[in-house]
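What follows is a set of notes on a single structure, which appears directly below.
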Amino acid sequence: MSHEQALGQCRDFIARKLPMVETVKTPSTAAAAKALLDNPPDCAAICSSICATLFDGLEILFNGIQNERSNFTRFFIIAYSQFTELPPVMTSNRHFKGLIRMSVPPPQAVEPESNRARGVVEYLKLLDAFTTRIDRRPALDTTPFSSIYFIEVQGNKANGTTFNSWALELEQVTSRINCAGGDASLLGVW
């Protein structure tokens, strides 16, 4: 059982190791894991490894069963508020993370008195946080060669940082970028 996308991404493994099984589509990979609790013991699910922690009694039988070794999906936990309490299993990581969306103005859009446009690197320096990932995507506006950056940053719990202080720090980071002429917003904190 799994979401149809996961079944497709793992079809080679299924054909090679489980050629006689019937595949069952579920609304999500987590729904497949949860469904195991109410199904016979000869059922299995393709899902994230965290499901073995979230649902008592489940075990990981195989890892890395996707068709493409370089193919991986990043999953996120979302809620209505960044202050939603997570179960202890979800908060045991040593780091907080945050996701910031940022765009920089093209050189012709900069005020004349600023002398020159800031490059994306100068805005990244304003983050003053450990950056773990940067994804660049073309902006959907009419300005040629403009980009949107999705920046994942990390804070360390070991230095006494709390979730709320980390969220506040990221709000201040986006404010610094905006005050310097960039366009940044905080998309999420975990």
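The values are calculated or read from the model by the stated rules, or taken from the named source; none is laboratory data. This structure is a prediction, so every number in the text was calculated from the model and none was measured. Quick reminder, even Gly has a Cβ in these numbers, built from the backbone with ideal geometry, and neighbours come from all protein chains shown. Each accessible area value is taken on the protein alone, full model and side chains, heavy atoms only, with ligands, DNA and RNA left out. Shrake-Rupley method; radii C 1.70, N 1.55, O 1.52, S 1.80 Å.
How many of the residues in segment 15-39 are part of a helix (DSSP H, G or I) and either under 24 Å from the mean Cα position of the chain (by Cα) or hydroxyl-bearing (Ser, Thr, Tyr) (or both)? Walk me through it before giving the result.
First, pick out the residues of segment 15-39 that are part of a helix (DSSP H, G or I): 15-17, 29-38.
Next cut, either under 24 Å from the mean Cα position of the chain (by Cα) or hydroxyl-bearing (Ser, Thr, Tyr) (or both) only: 29-34.
Of the residues in segment 15-39, 6 are part of a helix (DSSP H, G or I) and either under 24 Å from the mean Cα position of the chain (by Cα) or hydroxyl-bearing (Ser, Thr, Tyr) (or both).
Is there any pair linking a residue in segment 94-107 that is among the small types (Gly, Ala, Ser) to one that is surrounded by fewer than 19 Cβ atoms within 10 Å (Cβ to Cβ) and modelled with pLDDT of 90 or more, with Cβ under 6 Å and at least six apart or on different chains, and which?
Ser103/Asp183
Conditions tested, residue by residue: (1) in contact with a Gly (Cβ under 7 Å, 6 or more places away or on another chain); (2) open to solvent by less than 40 Å² (accessible area, probe 1.4 Å); (3) closer than 16 Å to Arg133 by Cβ; (4) free of Cβ contacts under 8 Å to residues at least 40 places away in the same chain.
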position	(1), (2), (3), (4)
Ile148	no, yes, yes, no
Gly155	no, yes, yes, no
Gly160	no, no, no, yes
Trp166	yes, yes, no, no
Thr174	no, yes, no, no
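Return the pair list, or none, for Cβ contacts closer than 8 Å from residues in segment 48-65 that are charged (D, E, K, R) to residues that are not in a loop (DSSP other than H, G, I, E, B), at least 6 apart or on different chains.
Pairs that qualify, where the first residue is charged (D, E, K, R) and the partner is not in a loop (DSSP other than H, G, I, E, B), are Glu59/Ala52.
Can you name the residue in segment 39-57 that is farther than 10 Å from His3 by Cα and modelled with pLDDT of 85 or more and is also surrounded by the fewest Cβ atoms within 10 Å (Cβ to Cβ) among such residues?
The selected residue is Cys43.
Out of (1) in a loop (DSSP other than H, G, I, E, B); (2) open to solvent by 50 Å² or more (accessible area, probe 1.4 Å); (3) touching a strand residue (DSSP E or B) at 6+ places or on another chain (Cβ under 7 Å), the odd one out for Pro144 is which?
(3)
Among the residues in segment 128-141, are any crowded, with 16+ Cβ neighbours inside 10 Å, touching a residue at least 40 places away in the same chain (Cβ under 8 Å) and part of a strand (DSSP E or B)?
The answer is no, given that none of the residues of segment 128-141 is crowded, with 16+ Cβ neighbours inside 10 Å, touching a residue at least 40 places away in the same chain (Cβ under 8 Å) and part of a strand (DSSP E or B).
Which members of segment 176-190 meet the condition of being assigned to a helix (DSSP H, G or I) and either aliphatic (A, V, I, L, M) or surrounded by 12 or more Cβ atoms within 10 Å (Cβ to Cβ) (or both)?
Correct list: Arg176, Ile177, Asn178.
From the list Thr131, Thr161, Thr142, pick out the single residue that is more than 13 Å from Pro105 (Cβ to Cβ) and under 19 Å from the mean Cα position of the chain (by Cα).
Thr131
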